[in-house]
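Engineer: Okay, handing you the structure first.
Derivation of every value follows stated rules applied to the coordinates shown; laboratory data play no part. It should be emphasised that the depicted structure is a prediction, and the values quoted were computed from it without experimental measurement. Using ideal geometry, Cβ is built from the backbone for each residue, glycine included, and neighbour counts are taken over all protein chains shown.
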Amino acid sequence: MGTGMTRMVVSFAAALICGATFRGGEYPTDYFRSPLGIPILLSGSFQELRSGHFHSGLDIKTNATQGYRVYAAGDGQIVRINVSPTGFGNALYVLHPNGYKTVYAHLRNFSADVEEYVRRQQYAQKSFSVEIYPEEGRFPVKKGDVIALSGNSGGSAGPHLHFEIRDAANEWPLNPLLFGLEVADTQAPQISRLKVYALDARSRARIRFTNGRSTEVTRENAGTILVTGANRRYRLADIAEITGSGRIGFGIETRDSHDGSGSRLGLYALTLSRQDIPIYEYRAEKFSFDVTRYINAHVDYAERTRYGRWIQRSYLLPGNRLSSYPIAENRGIVEPAPGVESRFEYKVSDIAGNTSTLAFSVIGAEQNVMVEASDEDRGISAESGMPLTFEADGIRAVFNESAFYDDFDFSYDVTGADAQSMSPKHALHDAYTPVHSSFDLSILADVPTPLRKVAAIAYVNEDGKTSYRPAVYRDGWVNASVRALGLYYVTADTVKPRIRPINIQNGKDMRRLSNIRFRISDGETGVRTYDGYVDGKWVLFSFDAKTGMMVYEFDDQVGSGEHELQVRVTDGVGNSSVYEASFGR
């Protein structure tokens, strides 16, 4: 790409620049328009790395404000409407006759006819959260129709529009920038770190620095190298030599941006070559929601958990089931030949074809590590693709065959109960090892009879923060389904949810106000249900989980005169709080 300002119009030709193998015409580049009427500036890119999942669309900035018109990207019909206090918040799904579906999320409002339709459904279901599938032909749209206003609803961290294009046949999200949307981009991805891994007990690598210091890389101790460079060409900083023997893998920390955005974005393509022959390639073209949690195998989960850094592995763990790797020779694993120097090069590209490279070499060493495996040395073995039932005094954990991405020696420790717990504290391995699927956890505990209905399992993460999982007490055991390794114990949630009125009090004249507002919260097992009633009739309170705001906008359900209000909030184990007040209208 030139040094002047360019417009990124993704097409078959642009895909060829970054080495793609797409067939011409696979994605139509002239069918969809931008869903907003302002230039596209991204705060989130497609398949960007997120905690526990890949990002499924584009996050388009809306100048930190709400209320921009959201346009239908093409002709079609609205086939799904979602309202939720979390996740996508207010979202629309439009099916198009060319076999694609577009998604518009974190909306503030729907168009007037959709808004009224949703409101009727909410009252009919007596629920703020609804998932609605309108009958065919109920809401046809034309390309460019205003279908909503942008907002900040659901799990949004700030005002923006989340926009997706999906394959309607299988609901796989596709990279929207493959469809011709224009984004100004002359910025090449940046590379900041290389990581070297020894992949089994017999493998080793050694990193020797120019100052004479060296680092030995083992299965338990990977090596991290800072990267320096300019003009899109990067090199390892202060490295004299890297040697390796056995099975070696690499990982890389990289980020992208585009003109005018400044946000940390994901890249489109990553290729690792050995002697100019690609041995590994990753491409952010499409993925299935069924496999999005395999991001925990794609990245170095421990590095992310400990330091907040996104290191992308350039080799596949045994339990990685992602399909985003067009090339994975020997699963990306390198086995250096003794005495032979191999040249490696990373190429990282964005979808506009801007590319950065990192070159380095590894010299093969003799494999002279002797390992004597025995049951005593190995302890309990957790294996990818195999179920595991772990049992010790007072604890049982049952993992299915998809639980683990890699093989490791499962560790366990226990400490005594304290004032916070009704059981000993059980450390299941550590919080730096990911678990793909939920597992059943049972802990033996002496729970007093009055507390058995509010029993919970507490989890302490690596930062010491405690979260709580509703549990079931049965025959002395407290049982829950959980999804992380680490420290667990049994407790009880005896604290009722908190209801704090914002603009109402008993006897207040509300005629000059447009709504009734509360802030609700529960610091233990979380808010499960929230309902409001006026004169004994259910009324529609919206709820924003990230702020705890619960709001009723006065509507035709409440006329003039004196009224009685009741708000009920229940937490995860069934504790309930009630707020009551009279008001005038």
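Engineer: Would you report the distance distribution of C-alpha pairs in the range 384-448 as whole percents per 5 angstrom bin, up to the bin with the largest distance?
Structural biologist: Here the calculated profile for the range 384-448 is 4, 15, 26, 24, 15, 10, 5, 1, 0.
Engineer: Based on the alpha-carbon gyration tensor of the range 298-402 and its eigenvalue square roots a ≥ b ≥ c, which shape applies: rounded if a/c is under 1.5, prolate if not and a/b is larger than b/c, or oblate?
Structural biologist: Oblate, since a/c reaches 1.5 and b/c is not below a/b.
Engineer: Report, in cubic angstrom per residue, the convex hull volume of the C-alpha atoms of the range 94-187.
Structural biologist: Roughly 144 Å³ of hull volume per residue.
Engineer: So how strong a dipole does the range 498-584 carry about its Cα centre when Lys and Arg Cβ are +1 and Asp and Glu Cβ are -1, to the nearest 20 debye?
Structural biologist: With Lys and Arg at +1 and Asp and Glu at -1, about 300 debye.
Engineer: Over the Cα atoms of the range 498-584, what Rg and Dmax result, in angstrom?
Structural biologist: Looking at the range 498-584, its Cα Rg and Dmax stand at 12.7, 39 Å.
Engineer: Mind jotting down the distance between the C-alpha centroids of the range 142-193 and the range 389-431, whole Å?
Structural biologist: 40
Engineer: Can you pull the percent of Cα pairs in the range 375-492 with separation above 16 Å?
Structural biologist: The proportion of pairs with Cα distances above 16 Å equals 58 percent.
Engineer: Let me ask something else about it. Could you state the number of Å between the C-alpha centres of the range 283-313 and the range 207-267?
Structural biologist: With the range 207-267 and the range 283-313 each reduced to a Cα centre, they are spaced 18 Å.
Engineer: For the range 166-261, which trypsin sites (Lys or Arg not before Pro) pass both filters: DSSP loop (anything but H, G, I, E, B) and at most 13 other C-beta atoms within 10 Å?
Structural biologist: When the trypsin sites (Lys or Arg not before Pro) of the range 166-261 are filtered for loop state and at most 13 Cβ neighbours within 10 Å, Arg213 remain.
Engineer: Okay, moving on. Only Cα pairs under 8 Å and at least 6 apart count here; give the relative contact order of the chain as a rounded whole percent.
Structural biologist: Reported relative contact order: 11 percent.
Engineer: Compute the angle between helix 112-125 and the longest alpha-carbon principal axis of the chain, please, reported from 0 to 90 degrees and rounded to the nearest 10.
Structural biologist: Helix 112-125 and the main axis of the chain meet at about 80 degrees.
Engineer: Over the alpha-carbon set of the range 32-184, divide Rg by the Kirkwood Rh and report the Rg/Rh ratio to two decimals.
Structural biologist: Here Rg/Rh amounts to 0.94.
Engineer: Would you mind finding the longest exposed-site-free stretch of the chain, with exposed GluC sites (Glu not before Pro) meaning DSSP loop and at most 10 other Cβ atoms within 10 Å?
Structural biologist: My reading of the result: 373-585 is the longest stretch.
Engineer: Taking other Cβ within 10 Å of each residue's Cβ, how do Met510, Met550 sort, fewest first?
Structural biologist: Fewest-to-most Cβ neighbours within 10 Å comes out as Met510, Met550.
Engineer: Between the range 533-585 and the range 63-125, how many Å separate their Cα centres?
Structural biologist: 25
Engineer: Right, here's the next one. In whole percent, what relative contact order does the range 32-184 give with Cα contacts below 8 Å and a gap of six or more residues?
Structural biologist: Result for the range 32-184 is 33 percent.
Engineer: Quick one, what does Rg over Rh come out to for the range 135-267 if you take C-alpha atoms and the Kirkwood Rh?
Structural biologist: Across the range 135-267, the Cα-based Rg/Rh ratio is 1.17.
Engineer: Considering the dipole of the chain built from charges on the beta carbon (Lys and Arg +1, Asp and Glu -1) around the Cα centre, which of Thr210, Ile457, Val340 is farthest to its positive end?
Structural biologist: Comparing the listed Cα positions along the dipole, Thr210 ranks first.
Engineer: On to the next question. Taking chymotrypsin sites (Phe, Trp or Tyr not before Pro) as exposed when DSSP calls them loop (any state but H, G, I, E, B) and at most 15 other Cβ atoms lie within 10 Å, what is the longest stretch of the chain free of them, the sites themselves excluded?
Structural biologist: By the stated rule (loop sites, at most 15 other Cβ atoms within 10 Å), 23-431.
Engineer: Over all pairs of distinct alpha carbons, what does the Kirkwood formula give as the hydrodynamic radius of the range 116-168, in Å?
Structural biologist: 13.9
Engineer: Let me ask something else about it. Given the options Gly416, Thr433, His298, identify the residue whose Cα lies farthest towards the positive end of the charge dipole of the chain (+1 on Cβ of Lys, Arg; -1 on Cβ of Asp, Glu).
Structural biologist: His298
Engineer: Of the listed pairs Lys465/Lys496; Lys126/Lys508; Lys195/Lys425; Lys508/Lys546; Lys142/Lys546; Lys126/Lys546, which have alpha-carbon separations greater than 24 Å here?
Structural biologist: Cα-Cα > 24 Å for Lys126/Lys508; Lys195/Lys425; Lys508/Lys546; Lys142/Lys546; rest within.
Engineer: Right, next: To the nearest 20 debye, what charge dipole does the chain have about its Cα centre, counting +1 at the Cβ of each Lys and Arg and -1 at the Cβ of each Asp and Glu?
Structural biologist: In total the dipole reaches around 1460 debye.
Engineer: Now for a different question. State to the nearest 20 debye the size of the charge dipole of the range 375-492 about its Cα centre, where the only charges are +1 on K and R beta carbons and -1 on D and E beta carbons.
Structural biologist: 900
Engineer: In the range 513-555, what trypsin sites (Lys or Arg not before Pro) fall in a loop by DSSP, with at most 14 other Cβ atoms inside 10 Å?
Structural biologist: Loop-located and lightly packed - Lys546.
Engineer: Now for a different question. Over the Cα atoms, compute the radius of gyration (one decimal) and Dmax (the largest Cα-Cα distance, rounded to a whole number) for the range 190-364, in Å.
Structural biologist: When restricted to Cα atoms, the range 190-364 yields Rg and Dmax of 15.7, 48 Å.
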